[in-house]
Amino acid sequence: MTRLLSDQQYSLATLLAKEMEYAVASRLDALERVALGADQAMRGGETAMQAHIEARPLLHALFNGGLVVYNADALAVASYPVGHARAGTYLRDAVLIEQAIGRGHATIGKA
């Protein structure tokens, strides 16, 4: 009986881990796709970048904690929802910015 319970718990833990892995991977994929089209908005300045992320309802649904776009200097140039007022603030952990730029990939982190 103990063995059966152990096997069931292991199966459930494995299933949950796979679901979490898929959820994170799909969110990273969505960020990468939006980031590909963000170059022009980033060159257009903070207002253009703000409009760019506001026009992406899929990201709003995937990231219910909000979105923040940082430039290479770790300055937040846009954020969603707007009421959170994260734009204009600096990221405390600039290493995240360096890693994202160095890898050339979008990054999920805690704002």
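Quick note: the coordinates plus some simple rules give every number you see, no bench work behind them. What you are looking at is a predicted structure, and each value in this text was computed from that prediction instead of being measured. Using ideal geometry, Cβ is built from the backbone for each residue, glycine included, and neighbour counts are taken over all protein chains shown.
Taking 0.36 nm per intervening residue step and subtracting the Cα-Cα distance, what contour gain separates residue 8 from residue 74 on full extension?
Taking residue 8 through residue 74 to full extension adds about 19.2 nm, to one decimal.
Once phi is turned into θ = phi - 60°, what whole-Hz ³J(HN,Hα) does the Karplus curve with 6.51, -1.76 and 1.60 give for every residue of segment 39-44, x standing for Gly and Pro?
Rounded to whole hertz, the list is 4, 5, 5, 5, 5, x.
In nm, give the distance between the simple-model label positions of residue 47 and residue 22, each being 7 Å from the Cα along the Cα-to-Cβ direction.
Result: 4.4 nm between the two label points.
May I ask you to derive the FRET efficiency for residue 99 and residue 54 from their Cβ-Cβ distance with R0 = 22 Å, giving the value to the nearest 0.05?
The value I calculate is 0.25.
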